[in-house]
Amino acid sequence: ACTGIENIDEAITLLEQNNWDLVAAINGVIPQENGILQSEYGAETLHGSAYGPASHSTAASTPSSSSAFRHVVPSRQIVERQPRMLDFRVEYRDRNVDVVLEDSSTVGDIKQILENELQVPASKMLLKGWKTGDVDDSTVLKTLHLPKNNSLYVLTPDLPPPSSSNSGALQESLNQNFMLIVTHREVQREYNLNFSGSSTIQEVKRNVYDLTSIPVRHQLWEGWPPSATDDSMTLAVSGLTFPCHRLTVGRRSSPVQTREQSEEQCTDVHMVSDSDGDDFEDATEFGVDDGEMFGVASSAMRKSPMMPENAENEGDALLQFTAEFSSRYGDCHPVYFIGSLEAAFQEAFYGKARDRKLLAIYLHHDESVLTNVFCSQMLCAESIVSYLSQNFITWAWDMTKEANRARFLTMCTRHFGSVVAQTIRTQKTDQFPLFLIIMGKRSSNEVLNVIQGNTTVDELMMRLMAAMEIFSAQQQEDIKDEDEREARENVKREQDEAYRISLEADRAKREAQEREMAEQFRLEQIRKEQEEEREAIRLSLEQSLPPEPKEESTESVSKLRIRTPSGEFFERRFLASSKLQVVFDFVASKGYPWEEYKLLGTFPRRDVTQLDPNKSLLEVKLYPQETLFLEAKE
């Protein structure tokens, strides 16, 4: 009745987002006069089935970011076409504003919302960033054919820039930490809660609800400054005393109103309540008391940090994280990979397909009210630890410190893209811790699931198993592809090896032939040289021989008949007084040097070459005639 929401699925989704707090859910969607959603959930826009699939657009949690929402109740008479919702992120100087409205709205409607949010006159705004060029205020968004998510920016050339001193002081306040000492009036118990200046009053009240089990709408506060009039106001601008501020909270005496009171206050939806039935979600659901549930929040200043700020080496930071985690929650916890995120990728994704695993990234945050319960009751459960160790490579990072947070977002952008980084950037502190399930793919790394801290052991296990099913299907395909590729590579290697062996054999054969030809050429050259040398010697000996004497010579003449090894004979006459050396020279001139052949006599058989070559033929008894045989020496 208050919101005009008729779709039951959208209504249930809104209630779940607000932990079934009816008043908070109504405050989250009911439009204000200026069109700005003044609620803790103002940065979240839910689209019910009337607008298509449910989705979330979460604004950045920086102090300079805010959200704008224009709620339009769909007409019951229009059934043919449901309005299409468009998301705009508008940048102006150091601020970001999220605007969500129907495509039937005009550009002027966006400016009106920005005027209320930025306190800048619409007439002074130049709205830039349109894909189709410049447009005027009367242009209907539907005619621009815009995608669902759009980025614009505002220029105000006619307005002076803001004072840097004021913005610097505000930024400094937002970065400060406030210690709120909250006294629970009924039980006289104090809680020391540490909040950053960028936290809102609504976040404080919701955290106190988890501590005291007093719903926000039933909380009665004392101690807030007079300037703290809006729950969406950050602590930095609410006027709290820095660094410590005392507050007192109690339960309203009569949460059930009379009919007259209800009629008088029907316009104040913050006071509507007739049941405590939605107070089911408290710390006892997890089996721990209030102090244990918020041990991290109330004693964050006394505990050692999970990870050093500005750590140069990621491996050293992970060693400290593991040691501190063990000291807080015991030794039964996931085995965290010690090393850089890139090394974790290599370990999980880049081995053989059969050895690959999913990568689980645990993002810790000490200031979240859910951290202690998530770590002690879920992350350290034996079933979770066993399942993670078998199927995941688990890597962790602490997001508590701003420097570490910025460093991880940079790594996230590099490895997963800006969309995933923006999703993590817009997560509020109380949505931590986060558990990212990453699957390595051929061309990129895919984020299968982002698990927030407000879960149970069974739900966590189901989501891990669901991710494992997706991974197993992909892994089987990868194994098949890898086996086929290895088979092809083995065949190719065998072919290459056979080809290499064939080439080597051909090369060896060719080299052997070349060596043989070279040897033959060398031997032929030697043979030719030797023949030439022999021929030269033969000619020289032939020219040096004395002339053959005539038969009718008056001097004593010896006639020698010489038989060659081939059976041929040649004869010559020599003076009986000629030396035996002359016979040797004659035989050598015929091609039978005495160094290689021996000259044998017949009767008696003797080796003439063994005789003194200086003796005459007469002295060696080769007179008057003799037949000699040439025989090759051994």
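Phi-derived couplings, Karplus 6.51 cos²θ - 1.76 cosθ + 1.60 at θ = phi - 60°, listed residue by residue for region 590-603: 8, x, 10, x, 5, 5, 10, 10, 10, 9, 10, x, 8, 10 Hz, with x used for Gly and Pro.
When the surface is traced with a 1.4 Å probe over the full set of protein chains, residue 414 keeps roughly 140 Å² accessible. Compactness of region 319-455 is given as radius of gyration and Dmax, 14.2, 41 Å, from Cα positions. Listed cross-link partners 131/428; 559/633; 357/480; 111/142 are compared with a 22 Å cut-off, the Cα-Cα value being larger for 131/428; 559/633. Accessible surface for residue 575 stands near 50 Å², nearest 10, in the context of the full protein assembly shown (1.4 Å probe). Residues 209, 387, ordered by accessible area of protein heavy atoms at a 1.4 angstrom probe radius and largest first, appear as 387, 209. Sorting 230, 210 by solvent-accessible area of protein heavy atoms yields 230, 210, largest first, with a 1.4 Å probe. Distance distribution P(r), region 411-514, all Cα-Cα pairs, bin width 10 angstrom from 0: 12, 25, 21, 13, 10, 9, 7, 3, 0 percent. Computed 3J(HN,Hα) for region 6-13, one whole-Hz value per residue from the Karplus formula 6.51 cos²θ - 1.76 cosθ + 1.60 where θ = phi - 60°, is 9, 7, 5, 5, 5, 5, 5, 4, glycine and proline marked x.
Note on residue 148 and residue 445: the model spin-label points, each 7 Å out from Cα along the C-beta direction, lie 2.6 nm apart. Under a crude label model (7 Å from the Cα following the beta-carbon direction), how far is residue 492 from residue 561 in nanometres? Simple spin-label model gives 8.6 nm for this pair.
In the assembled protein chains, residue 419 presents an accessible area of approximately 110 Å² (probe radius 1.4 Å). Average 1/r across all pairs of distinct alpha carbons in region 85-155, invert it, and you get the Kirkwood radius: 12.0 Å. Remark: region 85-155 carries a charge dipole of roughly 200 debye about the Cα centre, counting +1 on each Lys and Arg Cβ and -1 on each Asp and Glu Cβ. Over all pairs of different C-alpha atoms, region 557-632 has a mean inverse distance whose reciprocal, the Kirkwood radius, equals 12.0 Å. With the simple spin-label model, which puts each label point 7 Å out from Cα in the Cβ direction, the residue 410 to residue 253 separation comes to 5.8 nm. Taking every protein chain into account, the accessible area of region 531-615 amounts to 63 square angstrom per residue (probe 1.4 Å). Applying a DSSP loop filter and a limit of 14 other Cβ atoms within 10 Å to the trypsin sites (Lys or Arg not before Pro) in region 421-492 leaves 441, 442.
Probing with 1.4 Å while keeping every protein chain in the model, the per residue accessible area of region 173-251 equals 40 Å². Ordered by solvent-accessible area of protein heavy atoms (1.4 Å probe), largest first, the residues 350, 597, 153 come out as 350, 153, 597. Contact order, relative form, for region 557-632: 46 percent (alpha carbon pairs under 8 Å, 6 or more residues apart, mean separation divided by residue count).
Here the dipole of region 340-384 is about 360 debye; that uses its Cα centre as origin and unit charges on the Cβ of Lys and Arg (positive) and Asp and Glu (negative).
The values are calculated or read from the model by the stated rules, or taken from the named source; none is laboratory data. From a predicted model like this one, the values you see are computed outputs, not experimental measurements. We place every Cβ from the backbone using ideal geometry, glycine too, and count neighbours over all the protein chains shown. SASA here: full protein model, heavy atoms, side chains in, ligands and nucleic acids out. Shrake-Rupley method; radii C 1.70, N 1.55, O 1.52, S 1.80 Å.
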